[in-house]
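Below: one structure, written as structure tokens.
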Amino acid sequence: MKKFLSIALVLMLVISQSACSDTKKTNQTPAEQPSVNEQPTSTEPSAADIESAYQAEPASKRTINIGYDSGLCQAAVPIAQFKGFFEAEGLNTQLTKTGGTLDNARDALAGGKIDTTTGMIAGWLKPVTNGVDIRFTVGLHTGCTSAFVLADSDITHFNTGQTVAVSGGIGGVNHNIAYRFIAHDGFVPEDFTWKDFPADQTLLVLQNGDAEIAVLGDQLAEKWVADGTLRRIRSLHEDEDFADEACCVLGISGAFLDENPVTSEKISRAVYKAALWIGESDENKAEAAKILLDNGYISGSEEYALQLMKMFEWGLPNDLTEKTLYDSVDEYQSLGVISKDLDADAIKEQIWNPLNIE
């Protein structure tokens, strides 16, 4: 699957136009032939050509189902819906609930219930290498997960022999992020004991001594940091080696993208512009928080949501997202999360389909 599918599709239109033009030129008399000093006509596809290609795609005639359950990490999707970014691209879209887990989203994509959704790189890479056909087209924002200890603990970093609690299951998103934390610090998974736990039991797990470190999302944990109960020792958004990485990405069903490359580009651009809009100002972030609260997508207060959104960089360039994806593939293969028997270059080619988001 070659990258830049939408560009390739439009180029077919250009080639067709060029062929017609060449035929016309051969029928011209010498006097009609253009001067050698004349500038060649631009071969860039026009807006009309692109719109014609879009109208020829199946998705242009129906409602596009975009998976979104809740949460700040995916905020660019509901903002694109409620602030009219999808509409500005000429798209008819609706937000569709999938059940709130990665497995639910995977099954919804496979079953055609949704056409696209967002998620964390750390959660999607393994399913993709196991056969889930989803292509990543744009990065939404930087990281939203950290490693925490009790504020009065003397632990300042990961070290051999520690017990690390992860919410979301062994092999899940937070477990995979924890693997990258310890790998960057020079350790291997076998240096630690790993325990799965419900996220809302974080304090109890740490206070009872069942684990010394807990890795979970900032959306839940920041309130415990603010009241002095927990302290970060590693962070996707604070630490230099992760702060410029993409965390959450937009993923589009491979079958949908193959049939609808221009539509996929429009979806990606709308979500990207929504992410940029969130990142433009604190006023925009506050408005975004209010939209999510008013529609029941998050709980809590506008102030808390604003505090969280200010932690992350919103709207990421393609080269940054590409580097994050490629680095993650390499690191997860070395850690055994992704099979070492798979061709890393083939995985990278499969998962990353950057489209025109400007």
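The values are calculated or read from the model by the stated rules, or taken from the named source; none is laboratory data. Everything quoted here is computed from the prediction, not taken from an experiment. Note that each Cβ is placed from the backbone with ideal geometry, even for glycine, and that neighbours are counted across all protein chains shown. Ligands, DNA and RNA are excluded from the accessible area calculation, which covers all protein heavy atoms including side chains. Shrake-Rupley method; radii C 1.70, N 1.55, O 1.52, S 1.80 Å.
The share of accessible area on the chain that comes from carbon and sulfur is 50 percent, using a 1.4 angstrom probe. Consider a paramagnetic label point 7 Å from the Cα of V188 along Cα→Cβ; state which residues of region 135-175 have an amide N under 15 Å from it. Counting backbone N atoms under 15 Å from the label point, the list is 160-161. The accessible-area ordering, largest first, of the residues K348, K126, K97 stands as K97, K126, K348, per a 1.4 angstrom probe.
Determine the calculated [θ] at 222 nm for the chain from helices alone, applying -39500 (n - 2.57) to every DSSP H run no shorter than 4 residues and normalising by the residue count; nearest 500 deg cm²/dmol. List each step's numbers first, then the result.
Numbers: 15 runs with 160 residues, N = 358.
Result for the chain: -13500 deg cm²/dmol, rounded to the nearest 500.
Compared with the alpha-carbon gap, the fully stretched path from A110 to E303 is longer by 65.7 nm at 0.36 nm per residue. Of the three principal axes defined by the Cα atoms of region 149-304, the extents in descending order read 51, 37, 28 Å. Taking 7 Å steps out from each Cα toward its Cβ at K310 and L220 produces label points 2.5 nm apart. With the highest mean first, a sort of the peptides 116-125, 221-230 on other beta-carbon atoms found within 10 angstrom per residue produces 116-125, 221-230. Label sites at D200 and Q94, each approximated as a point 7 angstrom past Cα along Cα to Cβ, lie 3.0 nm apart. Each of A48 and K340 was given a label point 7 Å from its Cα along the Cα-to-Cβ line. The distance between the two points is 5.9 nm. Look at the alpha carbon pairs under 8 Å that are at least 6 residues apart: their mean separation over the length of the chain gives a relative contact order of 26 percent. Taking every protein chain into account, the accessible area of the chain amounts to 45 square angstrom per residue (probe 1.4 Å). Electrostatic tally near E313: other residues with Cβ closer than 13 Å to its Cβ, Lys and Arg +1, Asp and Glu -1, net -2.
The simple Förster model, with R0 at 35 Å and r as the Cβ-Cβ distance, assigns D69 and T156 a FRET efficiency of 0.50.
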